[in-house]
Amino acid sequence: MSQKSPWFLRARLKTRQLLLLVAIADEGNTHRAAETLNVSQPAASKLLKDLEDMMGVPLFDRLPRGMRATLYGEVMIRHARIALASLGEAGAEIDSLKEGYAGNVRVGAIQGPAVTLIPEAIQRAIEERPLLRVSLLVESSDVLMERLTQSKLDILVARLFAQHDKSQLHYQALAEEKICAIVRPAHPLLSIRRPSLADMAQCGWIVPPAGSVLRHRFELMFRNEGLELPARLIESTALVFVLNMLRRTDYISVIPADAASYYVDHGIVSVVPTELACKMDDFGIITRKDWLLSPAAQCMLAALKQAASDVYGLPRMH
């Protein structure tokens with residue numbers, strides 16, 4: 001292709017063609033994609049053919065029972081999603097500014113930093129932009145990474161695992177997440193100077209769901225000590241529920257130490273005085289390389305880095 005002008009200008013690329021690429025990828029055939037876009041199937045077929053003719057490559061394989069993206073198509077679909085999401089964000093930012101706000105930013109965080117780091121960072125950000133709109137999603141790293149990939153979040157404070165494509169991400173490590181066991185302040189275990197894991201195994205536990213990283217390491221901790229897993233388990237990551245159940249029962253819960261410290265300071269729970277052999281990997285600030293952060297998101301990113309330096313005792317981050 002000639003480098004004299006961008007290909008999409010010469011191709012007279014239409015927003016509807018981008019929508020069509022995504023719709024075909026989602027629906028699996030042109031007929032349902034056309035219905036989604038409220039156009040006729042012949043019109044949808046022509047839009048796709050015009051784009052393929054201009055690019056000189058097939059974007060989809062035509063199969064007996066639908067359509068499958070070629071390697072060329074996968075590239076175009078990925079960038080179409082990014083372009084459409086970016087246009088959607090532009091509209092949302094302008095609407096926010098028209099309403100008198102200083103922009104929107106969507107942050108995702110795992111449980112520990114959601115209690116300690118995020119409030120500090122948001123406080124700093126709104127000091128600079130008092131009318132900044134911030135939305136926060138607290139979830140597991142896998143869920144947060146999926147939302148980031150879908151352009152539904154701008155910035156994460158989470159972990160990266162082996163399955164994540166690190167070549168498309170910026171990652172700045174912050175800290176290792178320590179794990180502790182918490183109970184109600186009058187729990188019988190607290191009368192033991194240093195309860196053993198065997199002592200704790202006799203109690204009921206509130207733990208994350210099966211398949212999560214923390215659940216796997218929780219189970220590994222008992223196996224490594226040659227102990228059977230606790231017989232009484234409740235699965236939940238909803239902290240409000242966990243705290244209420246602890247208040248009512250002699251169950252134990254395993255949560256990040258950062259989150260626990262806040263509730264300990266307010267007299268809601270106590271930490272069992274036993275160091276758990278249950279460690280989590282480092283977490284950090286994650287953004288996408290192919291996504292331009294809005295001024296509002298840049299403000300929040302700067303606030304996160306400043307707050308992280310103070311909360312975790314790190315050198316000033318750039």
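Placing a pseudo-label 7 Å from each Cα along the Cα-to-Cβ vector at His170 and Val143 gives an inter-label distance of 2.7 nm. Each part reduced to its alpha carbon centroid, the range 19-59 and the range 193-265 end up 51 Å apart. Of the DSSP H helices in the chain, not one has a Cα length along its own long axis of 27 Å or more together with a mean Kyte-Doolittle hydropathy reaching 1.6.
Over the chain, dividing the summed -39,500 (n - 2.57) contributions of all DSSP H runs of at least 4 residues by the number of residues returns a 222 nm mean residue ellipticity of -14000 deg cm²/dmol. For the pair Lys289 and Arg68, the difference between a 0.36 nm per residue extended length and the Cα-Cα distance amounts to 76.9 nm. In this simple spin-label model, placing a label point 7 Å from the Cα along the Cα-to-Cβ direction at both Gln123 and Arg32 gives a separation of 5.0 nm. Computing FRET efficiency as 1/(1 + (r/R0)^6) for Leu9 and Ala43, where r is the C-beta to C-beta distance and R0 is 22 Å, gives about 0.45.
Protection proxy ranking for 109-119, 143-153, using the average of other Cβ atoms within 10 Å per residue and placing the highest first: 109-119, 143-153. Shape class of the range 13-87 from the Cα gyration tensor (axes a ≥ b ≥ c, square roots of the eigenvalues): rounded, since a/c falls below 1.5. Of the residues Gly73, Leu21, Met54, the one whose Cα sits farthest toward the positive end of the charge dipole of the range 7-82, with +1 on the Cβ of Lys and Arg and -1 on the Cβ of Asp and Glu, is Met54.
For the range 147-245, state which GluC sites (Glu not before Pro) are in a DSSP loop and have at most 14 other beta carbons lying within 10 Å of their beta carbon. Sparse-neighbourhood loop GluC sites (Glu not before Pro): Glu225, Glu228.
The H on the amide N of Cys180, modeled in the peptide plane, is under 5 Å from the matching H of Ile255, Ala257, each at least 5 residues off or on a different chain.
Taking a ≥ b ≥ c as the square roots of the eigenvalues of the Cα gyration tensor, the range 179-271 is oblate, since a/c reaches 1.5 or more and a/b is not larger than b/c.
Classify the range 69-225 from the C-alpha gyration tensor, please: rounded if a/c falls under 1.5, else prolate or oblate depending on whether a/b exceeds b/c. Oblate is the answer for the range 69-225, as a/c is 1.5 or above yet b/c matches or exceeds a/b.
Applying D = kT/(6 pi eta Rh) to the range 111-154, where Rh is the Kirkwood radius over alpha-carbon pairs, T corresponds to 25 °C and eta to 0.890 mPa s, the Stokes-Einstein value obtained is 211 µm²/s.
When the Cα positions of Val157, Ala83, Ser45 are compared along the charge dipole of the chain, Ser45 comes out farthest toward the positive end, with charges on each C-beta of Lys, Arg, Asp and Glu. For the options Ile286, Ile255, Ile94, a Gaussian network treatment of the chain with springs between C-alpha atoms closer than 10 Å singles out Ile94 as fluctuating the most. Taking N as the residue count of the range 1-137, its C-alpha radius of gyration divided by 2.2 N^0.38 Å amounts to 1.43.
The calculated Kirkwood hydrodynamic radius for the chain is 22.9 Å, given to one decimal from all distinct C-alpha pairs.
What you get for the chain, charging only the Cβ of Lys and Arg (+1) and of Asp and Glu (-1), is a dipole of about 700 debye around the Cα centre.
Summing Cβ point charges (Lys, Arg +1; Asp, Glu -1) relative to the Cα centre of the range 114-182 gives a dipole of roughly 100 debye. Computed from the Cβ-Cβ distance with R0 of 51 Å, the FRET efficiency linking Ala83 to Ser196 stands at 0.35.
The simple spin-label model puts a point 7 Å past each Cα toward its Cβ; for Ile268 and Ile94 those points are separated by 4.2 nm.
Read-outs throughout are calculated quantities, based only on the coordinates presented, and are distinct from any laboratory measurement. A quick note: this is a predicted structure, and the numbers were derived from the prediction, not measured. All Cβ positions, even for glycine, are placed from backbone atoms using ideal geometry, and neighbour counts span all protein chains on display.
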